[in-house]
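Chemist: Mind having a look at this structure? Questions to follow.
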Amino acid sequence: MLVSIVYMSRAVVPFDDDALAVLLRQARLNNEALGVSGLLVAKGGRFMQLLEGPAWSVDDRFAAIARDPRHGEVKSLVREDIDRRRFDGWSMAYRALDDADVRAEAGFSPFLAGSSEFSPSFDGTSAAWLLKWFRDRELHDR
């Protein structure tokens, strides 16, 4: 059985472009090892992520993220059973689109720039609505 989880969290420490690139590389390795795919969106000191894959793998990754001292206020927003994956691989969208190093990272997505949309089969879901809501809001660190 495949599941997806969408969660939101707040960075406990500031994440600059270099730290986000490192986070993306670590996440890709961890997720590939467990058969987890999805989308990570970062802006304004906040993260929203969709994780998808076998239930035990997704639950493992979410539990690890909830324990990660770099994340605070971790909240699961949507958990649902899915018939098939909606993302072929790991992606990351990041607001500072002028940073060529981050854009060059494998798995980077221009989703936050509004130049990337979801497939029609995913677009009407609660998870897609949450990700678009996150993209379209001005979020700031406290």
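The values are calculated or read from the model by the stated rules, or taken from the named source; none is laboratory data. Please read these numbers as outputs of a predicted model, since none were measured by experiment. Glycine also receives a Cβ, built like all others from the backbone with ideal geometry; neighbour counts cover every protein chain displayed. Heavy atoms of the whole protein, side chains included, go into the accessibility calculation; ligands, DNA and RNA do not. Shrake-Rupley method; radii C 1.70, N 1.55, O 1.52, S 1.80 Å.
Chemist: Can you name the residue in region 8-21 that is out of contact with any Lys or Arg (no Cβ under 6 Å at 6 or more places or on another chain) and assigned to a strand (DSSP E or B) and is also nearest to F47 (Cα to Cα) among such residues?
Modeler: The residue in question is S9.
Chemist: Can we say S91 is at pLDDT below 55 and not hydrophobic (A, V, I, L, M, F, W, C)?
Modeler: Numbers: at pLDDT below 55: yes; not hydrophobic (A, V, I, L, M, F, W, C): yes.
Taking the combined requirement at face value, the residue satisfies it.
Chemist: Next question. Only residues that are in contact with a Ser or Thr (Cβ under 7 Å, 6 or more places away or on another chain) and surrounded by fewer than 18 Cβ atoms within 10 Å (Cβ to Cβ): list them for region 11-45, please.
Modeler: Matches in region 11-45: L34, G35.
Chemist: A further question follows. Can you tell me which residues in region 24-43 are in a helix (DSSP H, G or I) and either without any contact (Cβ under 8 Å) to a residue 12 or more places away in the chain or basic (K, R) (or both)?
Modeler: The answer is R25, Q26, R28, L29, A33.
Chemist: Residues that are out of contact with any Gly (no Cβ under 6 Å at 6 or more places or on another chain), free of Cβ contacts under 8 Å to residues at least 60 places away in the same chain, part of a helix (DSSP H, G or I) and within 11 Å of S9 (Cβ to Cβ): does region 44-62 have at least one?
Modeler: yes
Chemist: Let me ask something else. Return yes when G124 is modelled with pLDDT under 90 and open to solvent by 70 Å² or more (accessible area, probe 1.4 Å) and no when it is not.
Modeler: So G124 passes the test.
Chemist: Give region 60-83 a look and list any residue that's closer than 16 Å to A27 by Cα, surrounded by 13 or more Cβ atoms within 10 Å (Cβ to Cβ) and either at pLDDT 95 or above or not charged (D, E, K, R) (or both), or say none.
Modeler: F62, I65, A66, H71
Chemist: Check off (1) assigned to a strand (DSSP E or B); (2) open to solvent by 40 Å² or more (accessible area, probe 1.4 Å); (3) closer than 23 Å to G124 by Cβ for R86 and give me the number that stays unchecked.
Modeler: Evaluating R86 over (1) assigned to a strand (DSSP E or B); (2) open to solvent by 40 Å² or more (accessible area, probe 1.4 Å); (3) closer than 23 Å to G124 by Cβ leaves (1) as the failure.
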